[in-house]
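Q: Before I ask anything, let me first share the structure, which is written out below as structure tokens.
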Amino acid sequence: MADRVAKGLNVLADGLRHYVVARVPAQLLNTQSATHGNVQNWDALALLIFMWDHWNDLFRHDLTFVERSLVSELREYRNRWAHQQKFSEGEVYRIMDNIERLLIALDSGHVAAIRRLRLESLKLLFNEELGNRDAGGFFYKAWPWVMCGASAIAMDSAILAFGRFPWSWIMAFLVFLAMMRVAWWQTIRETLHRRGPHECGICGCIIYTERCPYCQPAAVGAVPAGGVEKRASGGRSYAGTESERVTART
């Protein structure tokens, strides 16, 4: 899950970076760059902090309190991710949904990328909430045929017992066909909820299972090589990407 969160935060950083560069006066950006580094190197946290601190001056006329709350919530989730805290599937979906809503409000061109991640998380959440439909095995797949077959036998027995030949046989045959059609249609409806071959929203590989075997073996919350930057006391770090920067545990 941590790798999906990191992927979403990188998409968020790309979208916010373009918006801040286009919206903020160049003089203010130059001032910030002199202190915190080039804006093109700011990560998601730095951009969210900048938007929060300069909300009343720069952003409140274009965005609403809804987007302000999204900025605050995403800051909290980013800090939890940086401290390698575990996320439930519902929280991962909420993060992706919040990022998508914020980027839509900014009219960002990165909406399609985050939407793919959100849909991937939604499918995993769906399976987690409802359970694996294949868990029932043979009996789960056969129950529509058993129920409809038993109903067809009961109705056909009544038709043959009280009907007249040959119409009773014709009616019994039509009832049997109708019930088999109901069983077949119910089976089709059940299979619609199962997953076939599809593209992983993280690595882009074609997979046949709910969880990608190419992405999941990666160590969750592992700190990449290259060092971990610590925030100075009372200061803020404005450089690095989400996959390269992880705030040290306090």
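Q: For a quick protection proxy, order the peptides 39-50, 148-159 by their average other-Cβ count within 10 Å, most packed first.
A: 39-50, 148-159
Q: A further question follows. When a/c reaches 1.5 or more, the comparison of a/b and b/c decides; with that in mind, is region 2-132 rounded, prolate or oblate per its Cα gyration tensor?
A: Prolate is the answer for region 2-132, as a/c is 1.5 or above and a/b outweighs b/c.
Q: Relative contact order for region 137-191 using alpha-carbon pairs under 8 Å, separation at least 6, rounded to a whole percent?
A: With pairs under 8 Å counted, the relative contact order is 46 percent.
Every number in this text was worked out from the coordinates using simple rules, so none of it is lab data. Since the model is a prediction, treat every value here as computed from it, not as a measurement. Cβ coordinates were reconstructed from backbone atoms using ideal geometry, including for glycine residues, and neighbour counts include every protein chain displayed.
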